[in-house]
Amino acid sequence: MPHKSTIRRKAYKKKWRKKHSSALKAYYKQYYRDNMPIAKFQARKRHLMRNFGMTLSQYDEKLEKQQGLCAICRRPPKKNLLHVDHDRKCCSGAKSCGKCIRDLLCPRCNVGLGMLETTGLATFQKYLEKHEPIKSHI
Ligand SMILES: [Zn+2]
Ligand SMILES: [Zn+2]
């Protein structure tokens, strides 16, 4: 049986989130405080700066602009935080020069977009068009 206190805490958090949904920045700050040990928080700061030349507040600003949602599927991230997407034509690999940063994406869309960019949209479209007649039979 789950602990009653855990349930209550979850309900409280849900309520807290609802109440403060407009103050996303505060929520994420609270999120960091609640869920991230200091060491992890510092590592994240370093990761953002080293890989994207981005400060945590720049990330938060972007996040706020996107209302905390993935820029493609418009869904909030489940467990992981949103990834920073950058133009791989400018910087191939995982790092960005800081100038080619695009939006924040959920891990799924980030991976999907990466595939799309390397394979090419036309190839995907061709495949879908090939199978389009089958779909219309259903
Ligand atoms: Zn997404
Ligand atoms: Zn770049």
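The values are calculated or read from the model by the stated rules, or taken from the named source; none is laboratory data. Bear in mind that the values here come from a model prediction, so they are computed numbers and not experimental data. With ideal geometry, Cβ positions are generated from the backbone for all residues, glycine too; neighbour counts draw on all protein chains shown.
The combined condition, being in a helix (DSSP H, G or I), more than 30 Å from K13 (Cβ to Cβ), within 15 Å of ligand 2 (Cβ to nearest atom) and not hydrophobic (A, V, I, L, M, F, W, C), is not fulfilled by R102. Within the stretch 105-138, being small (G, A, S) and either near ligand 2 (Cβ under 10 Å from one of its atoms) or over 26 Å from the mean Cα position of the chain (by Cα) (or both) holds for one residue alone: S136.
If you go through the stretch 95-117 one residue at a time, do you hit one that is surrounded by fewer than 11 Cβ atoms within 10 Å (Cβ to Cβ), more than 20 Å from F41 (Cα to Cα) and hydroxyl-bearing (S, T, Y)? No, the conditions are met nowhere in the stretch 95-117.
Scanning the stretch 65-75 for residues that are more than 9 Å from ligand 1 (Cβ to nearest atom), part of a loop (DSSP other than H, G, I, E, B) and free of Cβ contacts under 8 Å to residues at least 12 places away in the same chain returns no hits.
Tallying residues that are touching a residue at least 40 places away in the same chain (Cβ under 8 Å) and within 14 Å of ligand 1 (Cβ to nearest atom) within the stretch 88-111 yields 2. Go through the residues of the stretch 44-60 one by one and say whether even a single one is within 30 Å of R9 (Cβ to Cβ), within 16 Å of ligand 1 (Cβ to nearest atom) and surrounded by 11 or more Cβ atoms within 10 Å (Cβ to Cβ). No, there is no match, as no residue in the stretch 44-60 is within 30 Å of R9 (Cβ to Cβ), within 16 Å of ligand 1 (Cβ to nearest atom) and surrounded by 11 or more Cβ atoms within 10 Å (Cβ to Cβ). The condition of being surrounded by 12 or more Cβ atoms within 10 Å (Cβ to Cβ), of a type outside the set (D, E), away from ligand 1 (no atom under 11 Å from the Cβ) and part of a helix (DSSP H, G or I) does not hold for L81. Among all residues of the stretch 48-63, there is at least one that is over 30 Å from T119 (Cα atoms), part of a loop (DSSP other than H, G, I, E, B) and at pLDDT 90 or above.
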